[in-house]
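The values are calculated or read from the model by the stated rules, or taken from the named source; none is laboratory data. It should be emphasised that the depicted structure is a prediction, and the values quoted were computed from it without experimental measurement. Every residue, glycine as well, gets a Cβ built from its backbone with ideal geometry; the counts of neighbours run over all protein chains shown. Note: accessible area is taken over every heavy atom of the protein model, side chains too, but ligands, DNA and RNA are not part of it. Shrake-Rupley method; radii C 1.70, N 1.55, O 1.52, S 1.80 Å.
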2 protein chains.
Amino acid sequence: MNTSLINQLTESVGTDKVSISEGDLYRHSRDESSHPPVEPDVVVYPESKEEIIEILRIARENDLPVTPFGAGSGLDGHAIPINKGISINFERMNKILSFNPEDLTVTVQPGITRKQLNKSINRHGLQFPVDPGADASIGGMTATNASGTTAVRYGSMRDQVLNLEVILADGSVINTGSRAKKSSSGYNLNGLFVGSEGTLGIMTAITLKLHGIPEHTVTARCTFKTPKACAEAAQSILMSGIQVLRMELVDADSIRQVNLTGEHSFPEAHSLFLEFSGTVASAEEDANLTKELVLEHGGENWERADSAAESNELWRARHELAYSFRHIKGMANSGGDVCVPISQLADMVVYARKLIDESGLLGGVFGHVGDGNFHTLVVYDPGESKQASASARINDLVARKAIEVGGTCSGEHGVGLGKMKYQELEHGAALSVMKSIKQLLDPENRLNPGKIFS
Amino acid sequence: MNTSLINQLTESVGTDKVSISEGDLYRHSRDESSHPPVEPDVVVYPESKEEIIEILRIARENDLPVTPFGAGSGLDGHAIPINKGISINFERMNKILSFNPEDLTVTVQPGITRKQLNKSINRHGLQFPVDPGADASIGGMTATNASGTTAVRYGSMRDQVLNLEVILADGSVINTGSRAKKSSSGYNLNGLFVGSEGTLGIMTAITLKLHGIPEHTVTARCTFKTPKACAEAAQSILMSGIQVLRMELVDADSIRQVNLTGEHSFPEAHSLFLEFSGTVASAEEDANLTKELVLEHGGENWERADSAAESNELWRARHELAYSFRHIKGMANSGGDVCVPISQLADMVVYARKLIDESGLLGGVFGHVGDGNFHTLVVYDPGESKQASASARINDLVARKAIEVGGTCSGEHGVGLGKMKYQELEHGAALSVMKSIKQLLDPENRLNPGKIFS
């Protein structure tokens with residue numbers, strides 16, 4: 001262990017904020033993915049922008065990489081410090097810096113989680129609606145341009161960020177936007193830093209748009225005979241202009257898995273989980289129109305949640321879904337996260353399901369079909385190399401096919417470690433522009449090195 | 001005249017696409033602003049990406065700047081070739097390259113205007129809703145991140161662009177996105193190029209999101225005793241979560257001007273022009289709730305448009321408004337385009353109105369208050385230097401104040417020539433990041449030089 005490094009850090013930010021404990025190094029070596037863990041040299045828990053500037057200075061002096069760590073809920077290894085160095089844990093930077101209900105904005109530190117944020121603001125009738133399932137940190141969500149079940153209505157993180165305070169690799173501090181709702185002044189650095197996965201700078205404050213909590217919500221689910229019918233119904237709902245809040249496809253295998261592990265009893269068929277919100281009249285109207293469309297597409301078992309409890313059960317089940325596959329004892333998993341043009345969705349879902357079925361492995365297809373974004377999750381025995389390669393092959397084929405039909409290899413999880421291999425295929429000549437921006441802003445490759453680009 | 005240059009161009013793209021006619025040079029020397037005109041050396045009318053690659057090659061060989069020209073409806077001199085060189089006119093590149101109604105997307109060449117586009121797609125029940133008033137080209141709208149009356153509902157151009165095909169200064173071609181509705185793969189080049197005003201690359205194809213045409217629309221207007229009451233009513237409508245499609249503030253002086261020039265007879269008071277759309281039930285509900293809020297804020301003269309003709313008259317008047325100030329014989333004008341946090345809007349509007357009143361000049365305050373974005377337009381006699389400087393002073397003070405209260409000097413017009421002087425104040429240290437990106441992608445400063453940065 002480099003005692004000089006530890007001494008410099010403790011002198012700069014204080015002993016209680018620097019850790020080389022086994023538990024801390026272990027925790028910061030991994031995320032929710034199956035990528036091999038790598039422990040950092042040291043974990044720091046800063047409490048202010050000034051401390052992060054100090055940490056970056058020390059990292060430069062010791063020529064060490066710096067990797068930000070939010071809630072650890074990432075799904076593609078973004079927070080794994082593959083070149084070791086300093087992990088910056090943001091959990092003590094979880095304050096609301098400025099809440100402006102009259103502007104429908106809030107400025108937070110990156111370490112606050114979305115549930116912590118909503119708990120503070122919901123009582124004012126406002127919400128931050130982006131919902132990736134996990135109680136991720138706002139910083140992590142911003143870094144990966146996360147989205148989730150409500151993106152069909154509210155878009156991704158990039159659509160919600162008005163301003164970022166960012167510390168660049170050289171220690172200078174910039175603001176990427178303002179508190180105005182829109183701007184045509186200068187290049188759009190907001191959008192560039194959102195989704196840059198900690199590779200261009202370290203965020204220290206994030207200004208977000210907020211939204212009113214709708215008066216009324218209707219939750220419903222229905223089933224279909226085939227995944228194709230399910231995806232086609234979703235497409236027709238979108239094209240009708242109905243304002244869905246959530247529209248989730250969950251295939252029969254996934255329903256079976258969630259019934260098994262979560263003590264639910266949903267009909268074990270390909271399903272759409274739907275939510276509508278607005279005024280009473282508009283949400284009810286949207287739900288009724290959707291029911292008609294669903295029945296036209298051969299939908300069955302249309303069930304409205306009659307109570308908040310029933311509605312909560314539905315979304316809890318949807319959120320548990322990925323965990324129900326991921327946390328099977330002794331088993332590993334590999335996941336996909338493609339997003340394709342809506343017209344390609346039905347065929348893509350069928351293709352993914354077929355690959356899983358042919359492999360004989362346990363796996364599910366589910367996702368945010370309102371955006372053309374869906375996930376595959378395939379479970380394998382890490383001790384069986386054939387299973388591991390079969391699982392990887394499925395997600396690889398799905399990612400390549402998604403790019404081939406005009407889509408992207410990542411709808412919301414980010415590139416991290418797992419999607420680097422598709423960057424050339426997806427972005428072509430634009431990849432060298434991206435790499436040159438990285439080189440421009442982080443010439444020493446100090447910030448989360450080895451992510452997005454090799 | 002450089003005959004060698006003309007020969008190279010005509011040999012590459014054909015005689016009929018190259019012009020040095022007086023009329024062409026004059027037309028490409030100016031836009032709708034009062035910035036001093038500068039004629040290009042030559043105007044080229046390419047019909048393909050390949051021809052633009054050739055034009056860029058010839059520009060490099062002759063060390064000449066290249067300035068793109070859309071519909072000429074820009075408001076801050078973006079298309080003025082201040083260092084002369086080659087103006088590229090996009091009017092022959094106005095095709096729809098690919099229309100995908102089932103994806104709710106369309107790919108167009110940059111020269112198509114928004115009305116041309118809508119004419120083609122409206123019959124399929126789809127629309128491209130961004131509406132800056134003028135029949136601007138989609139390329140120009142993308143280059144300035146334009147928005148307009150419907151931004152409160154649909155956002156700005158940046159929110160609508162899924163992919164750009166761009167030719168970089170060195171002649172290489174990149175795609176900045178894909179046809180997927182969202183992506184977390186790689187850096188967000190879409191957002192970087194949208195709003196970059198032709199300074200980073202030349203767009204040759206633009207993929208846009210499309211939207212269903214709502215079933216039902218309600219248009220209404222009302223008046224207020226003070227601009228402050230008007231802005232406060234707008235703020236409360238926003239905070240209530242009502243889905244407005246348009247919400248325009250038009251101050252009494254502007255109403256007077258438009259009545260005068262357009263043969264309208266609107267009540268000459270500070271007004272809100274409003275529009276709601278959706279299903280019959282939701283649009284009617286939104287309009288009724290808004291009426292209640294307006295009355296609570298002292299609103300008067302609530303009038304619904306009873307027919308499509310009445311509704312059209314209202315929006316025609318709103319669109320003519322700027323022209324009614326701009327095209328007064330013998331007079332010049334200077335305009336502002338600030339966007340501020342919603343909570344600052346009422347005070348800002350009062351501040352702007354007061355400055356105009358104190359100057360004794362004719363001028364209006366109006367704009368898209370649902371976004372906190374408003375314009376000032378002040379008319380002056382260009383022969384009277386005191387008037388010119390008083391007019392400039394008003395817009396200068398409004399821009400500086402907007403930045404001071406957390407906003408931006410341009411909500412939708414772009415930087416062009418007029419807003420360069422505020423870039424340092426607004427962006428601080430981030431400006432050097434923007435400049436280094438420009439340097440990275442256009443090291444010879446060939447692409448629309450002298451815009452955004454000096």
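Side notes on the structure shown:
- Shown here are the Rg and Dmax of the Cα trace of segment A:26-122, at 15.2, 46 Å.
- For A:Lys435, the label point sits 7 Å beyond Cα toward Cβ; its separations from the matching points on the remaining copies run 2.8 nm, from shortest to longest.
- Using a probe of 1.4 Å, the accessible surface attributed to B:Trp315 totals some 20 Å² when neighbouring protein chains are kept in position.
- Each part gets one Cα centre, and for segment A:91-117 versus segment A:201-232 those centres are 21 Å apart.
- Inverse of mean 1/r across different Cα pairs in segment A:69-208, Kirkwood, Å: 15.2 Å
- Residues losing 40 Å² or more accessible surface upon assembly, segment A:411-432, compared with the chain by itself, 1.4 Å: A:Ala430
- Spin-label pair A:Ala308/B:Arg256, simplified geometry with 7 Å Cα→Cβ offset, distance in nm: 5.4 nm
- A:Thr204, A:Thr217, reordered so the largest accessible area comes first (probe 1.4 Å): A:Thr217, A:Thr204
- Each stretch of four or more DSSP H residues adds -39500 (n - 2.57); spread over every residue of chain A, this sum gives -11000 deg cm²/dmol at 222 nm.
- Evaluated at q = 0.14, 0.18, 0.20 Å⁻¹: base-10 log I(q)/I(0), Debye formula over Cα of segment B:320-440: -0.60, -0.92, -1.08
- A:His327 accessible area, assembled protein chains, probe 1.4 Å, Å²: 120 Å²
- Geometric extent, Cα atoms of segment B:216-404 - Rg, Dmax (angstrom): 16.5, 55
- When chain A is described by a simple charge dipole with +1 on each Lys and Arg Cβ and -1 on each Asp and Glu Cβ, the residue from A:Leu289, A:Gly372, A:Leu164 located farthest towards its positive end is A:Leu164.
- For the cross-link pairs A:Lys291/B:Lys119; A:Lys49/A:Lys419; A:Lys228/B:Lys181; B:Lys95/B:Lys181, the ones whose C-alpha atoms lie over 27 Å apart are A:Lys291/B:Lys119; A:Lys49/A:Lys419.
- Considering only alpha-carbon pairs that sit under 8 angstrom and 6 or more positions apart, the relative contact order computed for segment A:321-392 is 39 percent.
- Per residue Cα convex hull volume in Å³ - calculated over the protein assembly as shown: 161 Å³
- Nitroxide proxy distance, nm - points 7 Å out along Cα→Cβ at A:Glu263 and B:Asp16: 7.8 nm
- Debye, to nearest 20: dipole size of segment A:347-429, +1 on Lys, Arg Cβ, -1 on Asp, Glu Cβ: 120 debye
- Percent accessible area from carbon and sulfur atoms, the protein assembly as shown, protein chains only, probe 1.4 Å: 49 percent
- Averaging the sequence gap over all C-alpha pairs within less than 8 Å and six or more residues apart, then dividing by the number of residues, gives segment B:96-212 a relative contact order of 32 percent.
- Too-long pairs where the Cα-Cα distance tops 23 Å, listed order kept, from A:Lys182/B:Lys435; A:Lys401/A:Lys421; A:Lys438/B:Lys421: A:Lys438/B:Lys421
- Relative contact order (%) - chain B, alpha-carbon pairs under 8 angstrom, separation at least six: 15 percent
- Copies compared at A:Arg57 - label distances in nm, ascending, label defined 7 Å from Cα in the Cβ direction: 5.3
- Solvent-accessible area buried by B and A, counting both chains, probe 1.4 angstrom, square angstrom: 5800 Å²
- Burial of 20 Å² or greater, segment A:359-392 residues [accessible area, probe 1.4 Å, versus chain by itself]: A:Asp371
- Zone of B:His124's modelled label, taken as backbone nitrogen in segment A:217-243 under 20 Å from a point 7 Å along Cα→Cβ: A:232-242
- A:Asp63 accessible area, 1.4 Å probe, all protein chains in place, Å² to nearest 10: 110 Å²
- Dimensionless Rg/Rh of segment B:185-320 - Kirkwood Rh, Rg from C-alpha atoms: 1.08
- For segment B:329-447, the solvent-accessible area with a 1.4 angstrom probe is 35 square angstrom per residue.
- Projecting the Cα atoms of B:Ile255, B:Ala229, B:Phe266 onto the charge dipole of segment B:212-273, computed from C-beta unit charges around the Cα centre, puts B:Ala229 farthest toward the positive end.
- Expressed per residue, the C-alpha convex hull volume of chain A stands at 146 Å³.
- Label 7 Å beyond Cα on the Cβ vector: A:Leu397 copy-to-copy distances, nm: 7.0
- Centroid-to-centroid separation of segment A:375-454 and segment A:287-352 [C-alpha atoms, Å]: 24 Å
- Check: the protein assembly as shown dipole with +1 on Lys, Arg Cβ and -1 on Asp, Glu Cβ, in debye: 780 debye
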